[in-house]
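The values are calculated or read from the model by the stated rules, or taken from the named source; none is laboratory data. Since this is a predicted model, take the numbers as computed values, not measurements. Cβ placement follows ideal geometry from the backbone for every residue including glycine, while neighbour counts extend to all protein chains displayed. SASA here: full protein model, heavy atoms, side chains in, ligands and nucleic acids out. Shrake-Rupley method; radii C 1.70, N 1.55, O 1.52, S 1.80 Å.
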Amino acid sequence: MTAEIVVTGEDGVRIIRMNRPDKKNALTQPMYAEMIRALREAEASDATRCVVLAGGPGAFCAGSDISDFQKRAEEGGLKPVTVDFLHALVRNPKPLLAAVDGLAIGIGTTMLLHCDYVVATQAATFATPFTKLGLIPEAASSLLGPMRMGHARAFALLVMGRSMSAEEAKAAGLINAVVDAAALDSTVLQAAREVAALPAGAVALARKLMRGNLDELARRVDTEAMHFKERLQSEEARAAFAAFVARKK
Ligand code: COA
């Protein structure tokens, strides 16, 4: 079986690649667990100077797996590993970069708010259809979204569920650069090597100062998660999940 999370590394750069192409890299609970493990390994390794989150051609990540959402709605009460992943992102001490081609949906977009440098292709689209699914924004995006792009743009993205093109995402400050698909990996690797070559202590401290109050971010993750869990069991959400699953038949 091919690994759905592939971790590789060289020259101080660790790459965590989502690899479930048949499901557009929709993230399952075991995939979240693997990503947490990879982030913790990166944290523990002095040789790792920065981390790159990557997907595949045409799909960075289509969000959390909706069948998992459905299961959680039915079973209720489970502590989702997704929340642990969000805390791992908040507390991750290494600079985080991302390479995005194609779809970045739901957490595929909100995880980028925890990244320090993001490169995307012209074909990248960013969307968070939380409310369309009867849900609410997660990953502290209700705090980081308005901070990063202003309330108006954050509302259109996070509440109205409107998608952003790569150029719009760049203008909104969500991503750093837009490149041709053929140049995606080399551009992000070049930036990662640039970061990796800097004095690690200075980078870590500068980044920590820039990221502000991590306890506040962690609290927002938990508050959103509490509401998200309630929303998962709402009639609105159950109907939306059923419609998505039925759509496939
Ligand atoms: N959860 C579970 N399965 C997903 C998924 C998700 N978030 N996103 C995509 N998939 C699956 C599809 O069900 C399909 O599976 P199948 O081949 O067994 O039928 C496969 O991935 C390919 O997706 P498909 O819908 O055929 O591709 P597309 O290019 O027409 O559309 C998307 C891609 C991502 C736009 C569409 O799949 C979609 O809207 N997904 C849901 C995204 C979402 O709402 N995520 C949660 C945000 S909170």
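Of note:
- Qualifying residue in the range 191-200 (condition: open to solvent by less than 70 Å² (accessible area, probe 1.4 Å) and without any contact (Cβ under 8 Å) to a residue 60 or more places away in the chain): no
- Consider the range 125-142 and keep the residues that are among the hydroxyl-bearing types (Ser, Thr, Tyr) and touching a Gly at 6+ places or on another chain (Cβ under 8 Å). The one that is least open to solvent (accessible area, probe 1.4 Å) is THR128.
- Selection of the range 157-183 for residues being part of a loop (DSSP other than H, G, I, E, B), surrounded by 14 or more Cβ atoms within 10 Å (Cβ to Cβ) and either among the basic types (Lys, Arg) or more than 16 Å from the ligand (Cβ to nearest atom) (or both) yields ARG162, ALA172, LEU174, ILE175, ASN176.
- Among all residues of the range 119-134, there is at least one that is away from the ligand (no atom under 16 Å from the Cβ) and out of contact with any Asp or Glu (no Cβ under 8 Å at 6 or more places or on another chain).
- Where helices (runs of 4 or more DSSP H) sit wholly within the range 79-156, those with at least 2 residues that are under 19 Å from VAL178 (Cβ atoms), under 13 Å from the mean Cα position of the chain (by Cα) and at pLDDT 95 or above occupy 107-110.
- If the condition is being within 12 Å of ILE15 (Cβ to Cβ) and of a type in the set (S, T, N, Q), then the range 31-65 contributes only THR48.
- Tabulated pairs, the range 155-183, first free of Cβ contacts under 8 Å to residues at least 12 places away in the same chain, second surrounded by 14 or more Cβ atoms within 10 Å (Cβ to Cβ) and not hydrophobic (A, V, I, L, M, F, W, C), C-beta under 7 angstrom, 6+ apart or interchain: ALA156/ARG162
- Enumerated helices (runs of 4 or more DSSP H) restricted to the range 184-249, each holding at least 3 residues that are of a type outside the set (D, E, K, R) and under 30 Å from ILE66 (Cβ atoms): 214-232, 235-247
- Answer residue from the range 205-236, given it is within 21 Å of the chain's Cα centre (by Cα) and of a type in the set (Gly, Ala, Ser) and is most open to solvent (accessible area, probe 1.4 Å) among those: GLY212
- Among the residues of the range 58-78, just one is more than 9 Å from the ligand (Cβ to nearest atom) and either of a type in the set (Ser, Thr, Tyr) or within 30 Å of ARG207 (Cα to Cα) (or both), namely PHE60.
- Among the criteria (1) in a helix (DSSP H, G or I); (2) open to solvent by less than 20 Å² (accessible area, probe 1.4 Å), the one SER67 does not fulfil is (2).
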